[in-house]
1. Given contacts defined as C-alpha pairs under 8 Å and at least six residues apart, what's the relative contact order of chain B, whole-number percent?
2. Rounded to the nearest 10 degrees, what's the angle between the helix A:42-52 long axis and the longest principal axis of chain A, both from Cα atoms, 0 to 90?
3. For chain C, what size does the Cα cloud have along each of its three principal axes, sorted from largest down, in whole Å?
4. Kindly give the semi-axes, whole Å and largest first, of the ellipsoid equivalent to the stretch A:331-421, taking each as the square root of 5 times a Cα gyration tensor eigenvalue.
5. Could you work out the percent of alpha carbon pairs in the protein assembly as shown separated by over 51 Å, rounded to a whole number?
6. Evaluate the stretch A:138-228: find the radius of gyration of its Cα atoms, find its Kirkwood radius, and give the ratio Rg to Rh.
7. If the only charges are +1 at each Lys and Arg Cβ and -1 at each Asp and Glu Cβ, what is the size of the charge dipole of chain A around the Cα centre, to the nearest 20 debye?
8. Considering the dipole of chain C built from charges on the beta carbon (Lys and Arg +1, Asp and Glu -1) around the Cα centre, which of C:GLY440, C:ALA13, C:CYS101 is farthest to its positive end?
Amino acid sequence: MSARETYLLDRCKLEDSHTLAVYRANGGYKALEKVLKGGMGWAEVIEEVKASGLRGRGGAGFPTGLKWSFMPDPAKDPRTRYMAVNADESEPGTCKDRVLLREDPHGLVEGCLIAAYAMRLDAVYIYVRGEYRKPYDRVQAAIDEARAAGLVGANVMGTDFSCEIHMHKGAGAYICGEETGLMESLEGKRGHPRPKPPFPAGFGLWGQPTTVNNVESIFNVPFILDRGAQWFRSLGTEASPGNFLCGISGHVAKPGVYEVALGTPARQILDELAGGVWKGRQLKAWFPGGSSTGLLPASLIDTPMDHDSIKGIGSMFGTGAMIMLDETACTVRASQVLARFYDHESCGQCSQCREGTQWLHQIFRRIEEGRGTMADIDNLERLARGMAPGKTICALADAAAIPTLAALKHFRHELVEHVERGCCPFKKGGASAAPAAAEVHA
Amino acid sequence: MAFPEKLRAELEQLCTKYPDRKAGLIPALHRCQEELGGWISPEIMEACAEFFGMEPVEVYGVASFYPMFKLKPTGKHVIGVCHNISCDLRGADDVIEHVCKRTGAPVGGNSPDGKFTVEVLECQGACANAPMFDLDGTYHEDLTPEKIDAILGGLS
Amino acid sequence: MTKITVDGRELEADPKKPLIAACHEHGVDVPHYCYHAGLTPVGSCRMCQVEVEEGGRPARVAAACRTPVSEGMVVNTAGERAHAARRECLEFLLKNHPLDCPICDKAGECKLQDYSYAEGQAEGHSAEPRRKLEKRKDLGDVIVLDQERCILCSRCVRFFEEVTGQAQLCIAGRGAHSWVDSYGGRPLHGNYQGNIADLCPVGALTLKQFRFQARVWNLRKRASTCGECSRGCAISVEVLRQGEVKRIRPRYDADVNRWWMCDHGRFAFEGATLEGRLAGARARGYAGLEDVPVDDAVATVRDAYATHAKHVFVASPWLTVEEGAALAALARGLGAELLLVSPPESALKDDLLHTGDPGPNRRGLTELGCAARDAAGCREALAGAETATLVGERVVDLVGREELAALPAQVRLFVLDTKPFEAPAVRVALGVPDWVERSGHWVNVDGHRGPIAAARPAPAGVRPTLQLLGELGAAAAAEGGAR
């Protein structure tokens, strides 16, 4: 662990890391120069990203280079082309993009420019969740600085490559992190995900070819172009190369955002970086990659943190945001909190998701408050299976169903215990005194 | 209501970022809420509708989808406490209780003196620094009762 | 066209339309709520899930309203997986839907009811309280909204945006915490509000006019044509047991009105009552107009036709082509002038359906040789005639009730209208059926021939217009003409 190579957060540790001067002094815009002035064709850039094996860091883990290659050939399709950078980070437990936006915004800007060159984009929109005010301002300032330095706008670095980068602000909707919900929101509408097909590469923003990429994915691009796909592949695993930003939160001694090679065992991240479970307690449960990946028991903590390994234990790598629950935590309470979240965030288009997320929330709340029945437990499973997989326009229903099924699979005994005792056994005093979350929604 | 000239000019500028003017609606609602009283009043919705060439009902549909837009008047200070999983595991409930007691505002409501609005929020992306709240657009993280007292005590 | 197989049947499908349209056009019912052929599909209710096999991949369950057809696609609408998906969908839709069917006007034609019966499960699993929202939200003169019954299909929202071009409703809020609303409680406006009650798949949007008026299974429906303008929208006239018209709804006609109609036409039947009607005949005797047997009145008119030479006929634009043909034959036989009274343009004219011409059969009647004149033109013609016969419902009002009343007694006025008219010049008045009591055809502004159908009997003693015209000499004239 001591010899591990880092790159993602290296600049963030420097003073004034968000400024152009510091960025440039530390190798910034070198990759862009290599691409623009080193005679690299756009196809070569895409090939290099493909060769690197970079997988999207927003949750799905889709290969970035492959996604880029879906954009139609401008020779055959002369429409305007866009990229939307997904900086709507709102998967519970996930707080990594915020660090990059705030501390190293030029890294994102350079990545956008290279992506724009490779995909021959006309403009890039960076969709930042509305609550991230400081990160928004930092990226905006970086764009302004870069523009003044001839790096954004017309004739970047004096070449005939031009690209506009615009900032856009969301307003508090998890669903706008879904790529088509994001596009609807960016167009000024309610963030209702669009049915696919058509896919964004054919029909995206304003009906034009569009690619949607996560902040961290784009942030990796300049490093790949600068140091080469082979270097990138020397980090991480064969199927999941590179480092990733692991936000680790919950019951740990040192929560934080750490840079880790993909494939690092979860226990190593927990113990060596996050200082282990807090207060000398034992681990009970954990989420590997944000709330939507579902709870896992402590027994699986030795699993390597990469897409295939986590998939192998029946979960998902997601955003790589680990949330830790110690032995005193209540998994029913955790399930209730998350069910409330999905209830709050469902856009409401699809019947199963709209009604199902509310229903799951209501049942988990009753069980946590000691008013549940055994029939409720069976109902949770039936409902979750009625909502997913793939039964709705987008994956939010799946995101609500997965943690429900995971809780049933690994922690059914806690649900049963709540029902049998008629209270939450983990609550101080044991009585059910949880605040009625109904008010929260009104 | 007509927008103040300076704001109108800013909104016009903002819309030039997009091939379709309507894309400026959400950023414009943010600016209106910031500049014109802290909430999206019917006057703002109507002015935005006119500005964007939409019907007020369309603006209402959009504004009500996004919880950052307040459709009722808020207190002078708005405190949004995150109570999603990472914050919940590190005492968000205690923060909510403390903030409510300290400000006199109920969850989802305003304090009797109109100074505070307290609301609970879903994940704010500050999970590694839980618990947290957002006070008037600024994150305050790694909260403790003492820290909360110091922050709230310093407010006018 | 694309060849697909649905439930074992090979069909030709329009590649520009979604799979559900191909199914519906070939008579295969695919349950649905948010989908409507006249609106942009949104794919949100998820009720139209069917099993789809294409491209050699294993069958998947997909929403038919957002699935494009592809050559060789194999669709199973009745497979167990499709049924299961719809059953699940229904359970979620019913979770917050109030069980107030016994007092809901939609009961009997409610898609939630129908599909629950066909596909759903008998027992519910929800122990949760249902959503509390506004149960009687007044949306203006036409519509009442019950937000609790709403299943958020957004058809009404899309109707205003897409069909009328002006948004009036929205979905406010988010997820299970959302509702259909107007802006600030504003009432709906415009001439097309009623359509959203037809579009609503449940009883969330109901017509004020129809609220608690009838159970729909007691309504007899007759395919007919709207008579309120020259568009001639295809309609269904719905009559309760005793012959009372309770409701009019648009009937799909691809060439005329598609799925829609205007409120003016929808509620016009409220004027088509049995009250104040002229039943039988009135003729001038010593003491003025008095009730006489219809046969006597007809004889009086025929005598007048035989004794005088200068005749004028004025047709109402509500006459059918069949009635118009008889009238034309009669006029021709008498060498009479045949006019069509042309109403002034209506302020309701719009770009969607209303033509602004309040007469439904102007085109059909002018093609039969009626010369269109405005009211003044008609009056001028009949003032110079020895006999003047006004034929058809509303004809007195269109020519000018007051002006006709001021005509000197030497003009021999014969009136065939639905309502009584007493004036010095009137010699005979004969009651005729109105447009919900007659059958025949109207020809609309574009030359489209639409049927009108008798939905209720005319008041006792009223003879069909066509019969009266025959008795007045049209039958003989037509035979003479044929010879």
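The values are calculated or read from the model by the stated rules, or taken from the named source; none is laboratory data. Note that the coordinates shown come from a computational prediction; the quantities given were computed from them, not determined experimentally. Cβ placement follows ideal geometry from the backbone for every residue including glycine, while neighbour counts extend to all protein chains displayed. Just the protein is used for accessible areas: all its heavy atoms, side chains included, with ligands, DNA and RNA removed. Shrake-Rupley method; radii C 1.70, N 1.55, O 1.52, S 1.80 Å.
1. Values: 209 pairs, mean separation 27.7, N = 156.
Here the relative contact order equals 18 percent.
2. 40
3. 85, 48, 36
4. Working: eigenvalues 95, 29, 21 Å².
In descending order the semi-axes read 22, 12, 10 Å.
5. Numbers: 207781 of 583740 pairs.
Looking at the protein assembly as shown, the distances longer than 51 Å represent 36 percent of pairs.
6. Numbers: Rg = 15.5 Å, Rh = 15.1 Å.
Dividing the radius of gyration by the Kirkwood radius yields 1.02.
7. On the way: 50 positive and 52 negative charges, 106 e Å.
Roughly 500 debye, rounded to the nearest 20.
8. The one lying farthest along the dipole's positive direction is C:CYS101.
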